[in-house]
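Accompanying notes for the structure given below.
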Amino acid sequence: MKHWNNLLRFMPTFIISLLLAMIVWVVAVTTTDPNTEVTYTNSITVKLLGLDPQLVQTGAVTDKISVTINAPESVHQRLANDPSLIQAVVNLSGLGAGTHELEPVISIYTSPTKVTRVTPETLTYHLENLITRNFDIELRQSGILSIGYEVQPFKSEVTSVQVTGPESLVTRVSRVVGQVSMTNLVANTNQIIELDPLDSRGVEVAGVNLNPIRIAVDVPIRQLANYRNVVVNIVTTGQIARGYFLTGITANPPSITIYGTDPEIAQNMPEYIETMPVDLTGKNEPFETKASFNIPEGIDIVGNQETTISVGIAARMDTIQVLDVPIQAVNLPTGLKYAITPSLVDIYVSGPMILLERISSGSVKVTVDLAGLTPGTYMRQPIVTIDDPNVRVDSITPASVEVRITR
């Protein structure tokens, strides 16, 4: 009992000492790590929780907020290094369709901290019912079908589409349309087309989802009875220049559409239509020309009444041997004599046949350059010169000759 009395007698002193120690510690900490207020601007993304799956958020909403925090400088340093320590949450649990003003809940995953301001203080959310409606797919033609053809009814395994989204947007949709291109079609085709949700004015409604968003459409194309496609058959006359040959002759377009006043005439016509003759007489280079058609009676040409004929012409190439061409010395120093062994060479040249026919030993010049040589024996390579650049020297035999220089 005596010990308890002594303990109680010193208790006030002990409590006062403890309080003084805590005050000294707080002052020391505050002095070395003072509290400051820092605003974290537009770095905090608001997370939404609890949204009913039958609802959808619509309209513009601020998804970032600014938070002012009072904390020691050391804490602010941690927050600056790791912004994820500050989180903002808005809980939409239990809310129905309509407009709601909600305060974001701020959580800071470090301490000590105190939130002194949140900007904005409240956030506005517009919630709408998420609905789905079915629409029949309306297929429309776009572009211009080729002359002489008609399109049959489109075929698609998918005839309806689901439109899902906010009620205010889905109710704006009046039809779902797919555009089927007719441009340049001349045969049956299958197209994958995009579907577009349109309002009553024909304006696309954005913000809704379609299922499916695209469909496959079979497009049957049929040629009308009075029309027929025929191949262009090029008729020529005359012969190209001797020593040349045709590398190709083409028409552009290669086929045309004809029209018969009587369907039977059109259907009984041959698979081709001839051009008026294209004259090749004496031609020795490629050329283009226009050609009209030899049109049978009762037939008309649809579109351009001419075709462009491209004619390719090239020289026939060959190789010949020119024998016993004499070698001439050039640039022999004054006062010296020379002897070349052998004194005649054979050369092989290639080029257009028409030019090779003119080549002879007299039209080819073979020389050996003796410039700067002194008495002695040397091996030199003859140089062949042909005036026509279209003739090429392939080889010379022998490739080197012996040159003896004497006084």
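The values are calculated or read from the model by the stated rules, or taken from the named source; none is laboratory data. As the structure is a computational prediction, the values presented were derived from the model and not from experiment. Counting neighbours? That spans all protein chains shown, and the Cβs are built from the backbone with ideal geometry, glycine included.
Against the test of being in contact with a Gly (Cβ under 9 Å, 6 or more places away or on another chain), over 13 Å from Ala251 (Cα atoms) and at pLDDT below 90, the options Ile299, Ile295 yield a single qualifying residue, Ile299. All of (1) among the charged types (D, E, K, R); (2) within 30 Å of Val401 (Cβ to Cβ); (3) surrounded by 14 or more Cβ atoms within 10 Å (Cβ to Cβ) hold for Lys283 with one exception: (2). Checked against the criteria, Thr257 does not count as closer than 30 Å to Leu356 by Cα and either modelled with pLDDT of 90 or more or not assigned by TED's automatic domain parsing to the domain that holds Leu139 (or both).
Every residue, every condition in (1) buried (at least 19 other Cβ atoms within 10 Å of the Cβ); (2) in contact (Cβ under 8 Å) with a residue 24 or more places away in the chain; (3) among the hydrophobic types (A, V, I, L, M, F, W, C), yes or no:
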{"residue": "Leu127", "(1), (2), (3)": "yes, yes, yes"}
{"residue": "Ile131", "(1), (2), (3)": "no, yes, yes"}
{"residue": "Asn134", "(1), (2), (3)": "no, yes, no"}
{"residue": "Gln141", "(1), (2), (3)": "no, yes, no"}
{"residue": "Glu150", "(1), (2), (3)": "no, yes, no"}
{"residue": "Thr159", "(1), (2), (3)": "no, no, no"}
{"residue": "Leu169", "(1), (2), (3)": "yes, yes, yes"}
{"residue": "Val173", "(1), (2), (3)": "yes, yes, yes"}
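Residues in the range 326-350 that are at pLDDT 90 or above and among the small types (Gly, Ala, Ser): Ala329, Ala339, Ser343, Ser350.
Leu185 falls short on exactly one of the conditions (1) closer than 30 Å to Gly303 by Cα; (2) at pLDDT 90 or above; (3) of a type in the set (A, V, I, L, M), and that condition is (2). Within the range 384-403, the set of residues being crowded, with 17+ Cβ neighbours inside 10 Å and in contact with a helix residue (DSSP H, G or I) (Cβ under 9 Å, 6 or more places away or on another chain) comprises Val391 only. Strands (runs of 3 or more DSSP E) fully within the range 251-360 that include at least 1 residues being closer than 22 Å to Ser395 by Cβ and in contact with a strand residue (DSSP E or B) (Cβ under 6 Å, 6 or more places away or on another chain): 306-315, 317-330, 337-341, 344-352. Give the residues of the range 366-382 that are modelled with pLDDT of 90 or more and either surrounded by fewer than 15 Cβ atoms within 10 Å (Cβ to Cβ) or not assigned by TED's automatic domain parsing to the domain that holds Gly335 (or both), sorted by residue number. Listed by number, the residues that qualify are Ala371, Thr374, Pro375, Gly376, Thr377, Met379, Gln381. Candidates Asn70, Asn42: the one that is in a strand (DSSP E or B), at pLDDT below 90 and polar (S, T, N, Q) is Asn42.
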